[in-house]
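Novice: One structure, as structure tokens, below. Some questions next.
The values are calculated or read from the model by the stated rules, or taken from the named source; none is laboratory data. Given the structure is predicted, the values throughout are model-derived calculations rather than measurements. Every residue, glycine among them, receives a Cβ derived from its backbone with ideal geometry; neighbour counts consider all protein chains shown. Note: accessible area is taken over every heavy atom of the protein model, side chains too, but ligands, DNA and RNA are not part of it. Shrake-Rupley method; radii C 1.70, N 1.55, O 1.52, S 1.80 Å.
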Amino acid sequence: MKYPPIISKFPHFLHGGDYNPDQWLKHPKAIDEDFRLMDLSGCNTFSLGIFAWTSYEPEEGKFNFDWLDMIMDRLAKKGYNAILATPSGARPAWMAMKYPEVLRVSRSGLRETYNNRHNHCWTSPVYREKVNIINTKLAERYKYHPALGAWHVSNEYNGECLCDLCLKSWYEWLRKKYKTIDNLNECWWTYFWSHNYTAWEQIDPRDGCVDGLRLDWARFITWQCCDFMKHEIVPLKKLTPAAKVTANMMGFFNGLDYWRVAEVCDFIADDSYPSWYKPDDNSDTGSFQGMAHDMHRSMKGGKPFVLMESCPSATNWQPYHRLKRPGVHKREMLQAIAHGADATMYFQYRKGMGSCEKFHGAVIDHVGHEKTRVFKEVSEIGKIHRKLDAVIGTSTKSEVAIVNDWESNWALDYSAGPTNASKKYIENCHSMYRTFWKSGVSVDVIESTCSFDKYRLLVLPMLFMLKKGFAERIDKFVSDGGTVIATYLTGIVDDHDRCFTGGWPGCGLRKVFGLWNEEIDGITPDDKQQVVAVKGNELNLKGKFEVYDYCERIHLEGAKVLAVYGNDFYSGEPAITVNRHGKGKVYYMAARTEDDFLMKLSSAVMEDLKIRKILQKTLPDGVTAQMRTDGKREFVFVLNFKSKKQTVDLGKEKFKDMLTGETVKHSLKLEADGSAVLERIF
Ligand code: GLA
Ligand code: ZN
């Protein structure tokens, strides 16, 4: 099966990016050049007007869309697309001066001055009204325009506001959720430090000692953002019902639960700026990127997403302005496609002359022509895209899913303890993810409320919080034959961040996991601990492995031991276990081990389950294989993250190289930082 193209009338890869001609209106020659260079670079899609409010409405109520008419018409003439933005990410100074309520109030209680961007109050009726007016005008004006491809709502929503209006909305939100203050006190365990509230207005979101409060404030911010976004979308949906809407995300940005934002989007868009800093081996950054992309695809059940922003050379806000080495840009773009992107776009198309982004990489550099290394690399992507039309709309088929849950991460973050120096939730999800990435196995990255039906293996790294119904669903998944790998710190608190009583893992998981987690040893870097595989264990694991940060003392309640602790007062006690439950199994890792052990464990479990690898033979270190398929054709992306040539054993299979047209068999040679797209020949 295939998904329809992101822009339905355009069944090709979207290529282009943020384009800000409103900054160049006094330089019409540059704009002419922009259009000439579009054809040469193979760019066909442009995010327009993201920060253009002042040029649309230089004075309150006085509108001017001439420049946008001109750009839209010229794009349409070429058959190219606009992803038209709503400009709410930054507002005109006149608005801030006349209506200070559009500005945020910070945690200090003071109202911000006019500055920067991404800092409007989400509640302000004035701001909402102004946004509604401008969004309506844009939708009215361009609803029948052939260049209108999709809507890009605002830009990278983030932050918080503590103005009186927002606080009022917070109290309202709490009242709706908890009904009575008494119920809230119980759910938040406010009896602590004399915090039991007697009125909603007493609940100050800055109070850091009530964990449930902090968790709910993060949820409230997400709700507020989604509510604001829905408000922005009303006129767009009304006037252009066929046009799809998105908001650009920022990977694993901690400030918003992106699964909720995803629900408001028609398709997912992500901004991604990996720093390929290592001279020899960037596989760590590579696998982390893979995990982010897999999540963005999984957010809409496998539907292709848009890489909305990336940098064709180097950003100006990361610590080093390290240029992309030859091959790196191509690999970065192919990697996004490999995991489900049907668009690879940039920030930005033409580099601005001044202000704080003047040194940020762009397709067209200050020199202004096409004879730059970056422009040539971008043009190569344009050519590659044309050879990959068959990939559009295809997805992946994953038997494995990793659960990465925003709320669970927040709950862990906001808890003082169990050990504070090294919680590293996302890093830990990544360590588990990497074992599959290295093996060339497709993985979905889901949240804990997603359906598990499609999967045979579920990985639960540090799922600290169990949302309502989760434990029952895991019980069913395993009883019906599914396999789970869970780690330390699973099943500790409920969705109010209150610890489960009656033994961990809570909520009935003790029975499913076949163990009781009595206590957690948060070890220091000076402590020496190991896990030692026990003789004759059913996964045939062998050897001793270093352990860091977390060691739980667990008691078997039906589970069998695979490895025990090697040191200290709990030496010989179980550390890694497996429990048969119904027709399935649960593996439990009570300790944070070195990566080598994770690789061994996950390889043994994959072997046991006969999880399908994209390529049959073991991949060289630093190389991954990822696959997109429509159920019939299989497109295999092979990516080398080492800066040296590598050879990939293809066994007995044959492939067609989609970029050169050649048949490939026996082995595939990859350049340093090289990449290839192969179609499997059956
Ligand atoms: C973000 C923003 C863009 C731009 C880039 C620079 O992703 O959305 O407007 O500032 O960063 O990297
Ligand atoms: Zn506010």
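Novice: Restricting the first residue to segment 317-332 and requiring it to be farther than 19 Å from SER287 by Cβ, which pairs with a second residue that is open to solvent by 90 Å² or more (accessible area, probe 1.4 Å) and modelled with pLDDT of 95 or more meet a Cβ separation below 8 Å and a spacing of at least six or different chains?
Specialist: Hits for this filter: HIS321/PHE359.
Novice: Among the residues of segment 527-535, is any more than 30 Å from TRP217 (Cα to Cα), among the basic types (Lys, Arg), more than 33 Å from the chain's Cα centre (by Cα) and open to solvent by less than 50 Å² (accessible area, probe 1.4 Å)?
Specialist: Checked against the condition, which is being more than 30 Å from TRP217 (Cα to Cα), among the basic types (Lys, Arg), more than 33 Å from the chain's Cα centre (by Cα) and open to solvent by less than 50 Å² (accessible area, probe 1.4 Å), segment 527-535 yields no hits at all.
Novice: If you scan segment 311-326, which residues turn out to be surrounded by 20 or more Cβ atoms within 10 Å (Cβ to Cβ) and more than 9 Å from ligand 1 (Cβ to nearest atom)?
Specialist: Within segment 311-326, PRO312, SER313, LYS324 meet the criteria.
Novice: Strands (runs of 3 or more DSSP E) wholly in segment 1-113 with at least 1 residues that are out of contact with any Phe, Trp or Tyr (no Cβ under 9 Å at 6 or more places or on another chain) - which ones?
Specialist: Filter on segment 1-113 gives 14-19.
Novice: Could I ask something else about it? So which of LEU110, LEU148, LEU103 ends up being away from ligand 2 (no atom under 11 Å from the Cβ) and over 26 Å from GLU309 (Cα atoms)?
Specialist: Going through LEU110, LEU148, LEU103 in turn, just one is away from ligand 2 (no atom under 11 Å from the Cβ) and over 26 Å from GLU309 (Cα atoms): LEU110.
Novice: Another question about this same structure. Between a first residue in segment 45-57 that is assigned by TED's automatic domain parsing to the domain that holds THR136 and a second residue that is assigned to a helix (DSSP H, G or I) and open to solvent by 10 Å² or more (accessible area, probe 1.4 Å), which pairs have beta carbons less than 6 Å apart while being 6 or more apart in sequence or on different chains?
Specialist: Note: pairs meeting the criteria are ALA52/ASP22; SER55/ASP22.
Novice: Going by what's in this entry, would ASN517 be described as in a strand (DSSP E or B) and either in the same structural domain as LEU562 (by TED's automatic domain parsing) or more than 34 Å from the chain's Cα centre (by Cα) (or both)?
Specialist: Considered against the rule, which asks whether it is in a strand (DSSP E or B) and either in the same structural domain as LEU562 (by TED's automatic domain parsing) or more than 34 Å from the chain's Cα centre (by Cα) (or both), ASN517 comes out as yes.
Novice: Go over the candidates ASN64, ASN81 one by one and state the one that is at pLDDT 95 or above and in contact with a strand residue (DSSP E or B) (Cβ under 8 Å, 6 or more places away or on another chain).
Specialist: Among ASN64, ASN81, only ASN81 is at pLDDT 95 or above and in contact with a strand residue (DSSP E or B) (Cβ under 8 Å, 6 or more places away or on another chain).
Novice: If I filter segment 176-192 down to residues being more than 31 Å from the chain's Cα centre (by Cα) and either in the same structural domain as PRO100 (by TED's automatic domain parsing) or hydrophobic (A, V, I, L, M, F, W, C) (or both), which single residue comes out as nearest to ligand 1 (Cβ to nearest atom)?
Specialist: LEU184
Novice: Of everything in segment 157-166, what is part of a helix (DSSP H, G or I) and either within 13 Å of ligand 1 (Cβ to nearest atom) or open to solvent by less than 30 Å² (accessible area, probe 1.4 Å) (or both)? Give them in sequence order.
Specialist: Hit for segment 157-166 is CYS166, nothing else.
Novice: Could you check segment 138-156 and list, in sequence order, the residues that are assigned to a loop (DSSP other than H, G, I, E, B) and under 20 Å from the mean Cα position of the chain (by Cα)?
Specialist: Result: VAL153, SER154, ASN155, GLU156.
Novice: Let me ask you something else. If you take the residues of segment 595-616 that are in a loop (DSSP other than H, G, I, E, B) and open to solvent by less than 20 Å² (accessible area, probe 1.4 Å), which of them is farthest from MET627 (Cα to Cα)?
Specialist: ILE611
Novice: Residue by residue through segment 370-397, note down the ones that are open to solvent by 10 Å² or more (accessible area, probe 1.4 Å), part of a loop (DSSP other than H, G, I, E, B) and touching a residue at least 60 places away in the same chain (Cβ under 8 Å).
Specialist: Answer for segment 370-397, where residues must be open to solvent by 10 Å² or more (accessible area, probe 1.4 Å), part of a loop (DSSP other than H, G, I, E, B) and touching a residue at least 60 places away in the same chain (Cβ under 8 Å): GLU370, ILE392, THR396, LYS397.
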